[in-house]
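To keep things clear, I will list the structure first and then write my remarks on it.
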Amino acid sequence: MHEYGIAHDIYATARRAAIEHNAAAIQTIHVEIGELSMINPEQVSFLFSVIIEDDPLFQDTVLQTVVVPPKTTCSCGYTGSEIYVCPSCGALPEVIKGREILVSHIEIDTKDGEEA
Ligand SMILES: [Zn+2]
């Protein structure tokens, strides 16, 4: 299941960042899911909640997923969100954004109570 690997990657990324910043808890993880990634955000959220169940760092963690529309560019100079046909010249645009899953921001509680 592809979604499981993604949920686990998000978990691992957040965990690493939390440990690096000496965090006591992770509050919110913001994840951008490219529309073209064909990933189901609800399934990722569900699997994530299963993965974090026994990890005290993630006790009150909220996973915020945002679906990001594709961004394409064409050799004629077009940039936009058309992925099949360039509206200016009819060529196949190049997808530069929209396939990736990205942890964009993590909010944590540090042990001394300061925001990181
Ligand atoms: Zn074009």
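Neighbour counts of other Cβ atoms within 10 Å put 2, 30 in the fewest-to-most order 2, 30. Would you mind getting the Kirkwood hydrodynamic radius of region 52-116 from its Cα pairs, rounded to one decimal in Å? Computed over Cα pairs of region 52-116, the Kirkwood hydrodynamic radius comes out at 15.2 Å.
Against the main long axis of the alpha-carbon atoms of the chain, helix 2-20 sits at an angle near 50°. Taken as Cα centroids, region 52-78 and region 18-40 sit 7 Å apart, rounded to the nearest whole angstrom.
Highest mean packing comes first when the peptides 81-90, 63-72 are listed by Cβ atoms within 10 Å, giving 63-72, 81-90. Rounded to the nearest 10 degrees, the inclination of helix 41-51 to the longest alpha-carbon principal axis of the chain is 30 degrees. Looking at the square roots a ≥ b ≥ c of the eigenvalues of the Cα gyration tensor of region 1-93, which shape do they give, rounded for a/c under 1.5, prolate if a/b is larger than b/c, or oblate? Here region 1-93 falls in the prolate category. For the chain, give me the percentage of DSSP beta bridges that are antiparallel, rounded to the nearest 5 percent. The antiparallel fraction comes to roughly 70 percent.
Read the figures in this text as sums done on the coordinates, not as results from a lab. Everything numeric in this text was worked out from a predicted model, so none of it was measured. Virtual Cβ from ideal backbone geometry, glycine too; neighbours counted across all protein chains shown.
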